[in-house]
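Note sheet for the following structure.
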Amino acid sequence: MTQAHPDINVRPITEPEFPEWLRAVKVGFVQQSQVDEPELEARRPQFEPNRYLGAFDGTRCVATFRSFEQQVTAVGGTPVPANAISAVTVTATHRRRGLLTRMMNRDLAGAKERGDLVATLIAAEYPIYGRYGFGPATTTAEWTVDVPRTGLDPRWSGPADGGRIDLVDPEDVRKLGPELHDRVRRTTPGAVTRGDRWWQQHTGEIRLDPKWTEPFFAVYRARDGEVEGLVAYEVDDKWGDAKQPLDTATVRSLIAATPAAERALWSYLCSIDWVTRVKSGQRAPDDLLPLLLPDPRAARITSQADWLWVRILDVVRALESRTYEGSGSLVLEVADGAGLAGGRYRLEASAQGASCTPTTESAELTLGVAELGRLWLGDESVVRLAALGRVQEERAGAARVADALLRTSRRPWCPDMF
């Protein structure tokens with residue numbers, strides 16, 4: 001049973017407390033707790049007053065929590081303001097004392113007051129965040145490609161569409177990457193913003209991990225020279241007993257603004273000398289990769305799991321911010337134990353837009369705010385949740401109506417960890 005411990009002080013940390021807070025983060029994630037000066041200096045620019053919370057037992061930080069400004073792409077391409085949550089830890093000696101609840105409640109109340117539509121996070125463990133109103137809204141999958149089985153031409157020397165693949169340097173990536181990513185994320189529900197710091201960290205200009213190594217970077221340029229795809233990858237060095245190369249290329253990040261760019265980049269990765277396996281890294285669960293191969297069985301899923309979790313903070317604005325592929329109306333009863341986004345709402349939606357207004361009409365569907373978070377990006381089925389008892393149909397057939405409105409033709413995807 002969770003017990004309150006008012007003697008433990010939960011509050012925003014001060015800048016001088018940042019080293020102790022970072023040490024507590026590392027302890028919470030069961031990492032080497034030492035914090036050296038280069039790492040501190042690299043991380044200090046991220047510090048933002050009131051967005052870094054700590055729980056203090058005396059002078060020792062025993063729980064941590066961080067949030068920061070983010071935009072997440074809604075269905076249809078509108079970027080909406082989000083409260084991104086990260087660095088959530090509770091030291092093993094201080095579990096079951098309500099520390100995470102106190103930090104979460106404080107942070108979500110601040111996000112609601114700022115006008116954020118949703119809160120987002122990547123859950124290290126599944127059972128934790130549903131009780132705070134978060135629902136898993138996207139899925140991620142990883143494929144391992146057996147290159148010799150793909151059926152691709154091993155002599156492939158470039159795209160047949162007039163485009164080209166170029167290797168580029170980290171400096172080029174920092175120039176070309178942000179604009180390309182912005183194009184991609186605006187067509188990808190669930191994608192989140194990448195600031196300048198993201199590009200600096202992923203190209204080695206800022207190094208937080210002493211073991212970081214520089215990957216290879218390659219871009220796809222269309223016939224007119226415009227950059228439409230970018231991949232970062234690393235290759236190991238492995239040889240068989242008969243002096244045969246058995247290298248694996250592992251993708252760190254791959255973004256593509258067009259199917260042609262995606263096809264060209266995967267073909268390139270599968271054509272690199274000595275590479276016999278390609279590991280895709282985090283991809284959308286309906287990624288094109290397997291079907292780009294003459295033999296799709298050469299790509300097997302080696303990991304699939306929940307990824308971006310969403311917590312709705314403003315039902316009206318969240319439902320009005322996205323687009324809908326069909327037309328119809330629904331009256332939703334949304335239950336929110338935290339009192340941030342509950343109520344009864346009428347959604348009127350069509351391809352031309354949507355309105356969502358509070359109503360006193362009888363509800364047609366009753367669901368929790370966590371279930372609404374699962375549904376917001378269009379990936380989950382209302383019919384499936386109703387079968388599980390997580391959504392209640394108050395009017396027969398309402399779940400199918402909801403699916404026709406909310407589900408999307410392509411699955412949402414968040415390419416990033418944060």
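The values are calculated or read from the model by the stated rules, or taken from the named source; none is laboratory data. What you are looking at is a predicted structure, and each value in this text was computed from that prediction instead of being measured. Every residue, glycine among them, receives a Cβ derived from its backbone with ideal geometry; neighbour counts consider all protein chains shown. Keep in mind that these areas ignore ligands, DNA and RNA; they rest on the heavy atoms of the full protein, side chains included. Shrake-Rupley method; radii C 1.70, N 1.55, O 1.52, S 1.80 Å.
Could you pull out the residue among Arg194, Arg155 that is assigned to a loop (DSSP other than H, G, I, E, B) and either in contact with an Asp or Glu (Cβ under 6 Å, 6 or more places away or on another chain) or modelled with pLDDT under 95 (or both)?
Within the list Arg194, Arg155, the selection yields Arg155.
Criterion first (acidic (Asp, Glu), part of a loop (DSSP other than H, G, I, E, B) and open to solvent by 20 Å² or more (accessible area, probe 1.4 Å)) does Glu113 satisfy it?
Criteria not met by Glu113.
Just give me the residues in region 72-97 being β-branched (Val, Ile, Thr) and either under 21 Å from Glu125 (Cα atoms) or not in a loop (DSSP other than H, G, I, E, B) (or both), in sequence order.
Result: Val72, Thr73, Val80, Ile85, Val88, Thr89, Val90, Thr91, Thr93.
Give the residues of region 235-272 that are surrounded by 22 or more Cβ atoms within 10 Å (Cβ to Cβ) and more than 30 Å from Gly190 (Cβ to Cβ), sorted by residue number.
none
I need the full set of residues from region 154-186 which are within 25 Å of Val275 (Cα to Cα), hydrophobic (A, V, I, L, M, F, W, C), open to solvent by 50 Å² or more (accessible area, probe 1.4 Å) and touching a residue at least 24 places away in the same chain (Cβ under 8 Å), in order please.
Across region 154-186, the qualifying residues are Trp156, Leu167.
Among the residues of region 277-297, write down those that are assigned to a loop (DSSP other than H, G, I, E, B), touching a Leu at 6+ places or on another chain (Cβ under 8 Å) and either open to solvent by less than 30 Å² (accessible area, probe 1.4 Å) or modelled with pLDDT under 95 (or both).
Ser280, Gly281, Leu293
Take the residues of region 47-71 that are among the acidic types (Asp, Glu) and either open to solvent by less than 70 Å² (accessible area, probe 1.4 Å) or outside any loop (DSSP other than H, G, I, E, B) (or both): which is farthest from Ala84 (Cα to Cα)?
Once the filter is applied, the top-ranked residue is Asp57.
Does Glu234 count as of a type outside the set (A, V, I, L, M, F, W, C), more than 26 Å from Arg411 (Cα to Cα), touching a residue at least 12 places away in the same chain (Cβ under 8 Å) and part of a strand (DSSP E or B)?
Spelling it out, Glu234 is indeed of a type outside the set (A, V, I, L, M, F, W, C), more than 26 Å from Arg411 (Cα to Cα), touching a residue at least 12 places away in the same chain (Cβ under 8 Å) and part of a strand (DSSP E or B).
Considering only residues that are crowded, with 16+ Cβ neighbours inside 10 Å and in a loop (DSSP other than H, G, I, E, B), look in region 6-46 and name the one that is modelled with the lowest pLDDT.
Checking each candidate, the answer is Val35.
Mind counting the residues in region 207-231 that are part of a loop (DSSP other than H, G, I, E, B) and at pLDDT 95 or above?
Summing the residues that are part of a loop (DSSP other than H, G, I, E, B) and at pLDDT 95 or above in region 207-231 gives 8.
Output the residues belonging to region 303-331 that are part of a strand (DSSP E or B), closer than 26 Å to Ile128 by Cβ and open to solvent by less than 50 Å² (accessible area, probe 1.4 Å).
The answer is Ser303, Ala305, Asp306, Leu308, Trp309, Val310, Arg311, Ile312.
When region 189-224 is examined, which residues are found to be open to solvent by 20 Å² or more (accessible area, probe 1.4 Å), within 23 Å of the chain's Cα centre (by Cα) and within 29 Å of Ala74 (Cα to Cα)?
Pro189, Thr193, Arg194, Gly195, Asp196, Arg197, Trp198, Gln200, Gln201, His202
Which residues, taken from region 225-234, are open to solvent by 50 Å² or more (accessible area, probe 1.4 Å) and in contact with a strand residue (DSSP E or B) (Cβ under 7 Å, 6 or more places away or on another chain)?
Glu234
Conditions first: (1) open to solvent by less than 30 Å² (accessible area, probe 1.4 Å); (2) more than 26 Å from Arg322 (Cα to Cα); (3) in contact (Cβ under 8 Å) with a residue 60 or more places away in the chain; (4) part of a helix (DSSP H, G or I). Leu100 passes all but one, so which condition is the exception?
(3)
Could you grab me the full set of residues in region 384-418 that are under 23 Å from Asp306 (Cα atoms), of a type outside the set (A, V, I, L, M, F, W, C) and without any contact (Cβ under 8 Å) to a residue 24 or more places away in the chain?
Arg384, Gly389, Arg390, Asp403
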